[in-house]
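Everything on this sheet refers to the single structure shown next.
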Amino acid sequence: MKWEYKCAVLPAPTKTIPRGVDDPTNVDEFLNEFGADGWELVCVEFFSPGTHTQLAYMKRPLE
């Protein structure tokens, strides 16, 4: 099977939240939109040390 891949920046939290607590609402919506288009989340990592920017790596079968 052949795959296509996508890398996207995850949205920042919608409100100020305590450190270590996730705000999944806008991230869930973001990922569900990609999931509806057939993308599967493979990995999430911080863009650079000391930042809150996260990259989401996704894949889906190549048509």
Name the long-range amide H neighbours of residue 54: under 5 Å, sequence gap of 5 or more, or other chain; modelled H, no Pro or chain starts.
10, 47
If Lys and Arg each add +1 and Asp and Glu each add -1, what is the summed charge of the other residues whose beta carbon sits under 14 Å from the beta carbon of residue 34?
-3
Paramagnetic label zone (point 7 Å from Cα along Cα-to-C-beta, residue 8; backbone N under 20 Å) in the stretch 36-63
36-48, 52-63
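Here, each number is a calculation from the coordinates, and none is a lab measurement. Here the structure is a predicted model, which is why all the values come from computation and not from measurement. Cβ: placed from backbone, ideal geometry, glycine included. Neighbour counts: every protein chain shown.
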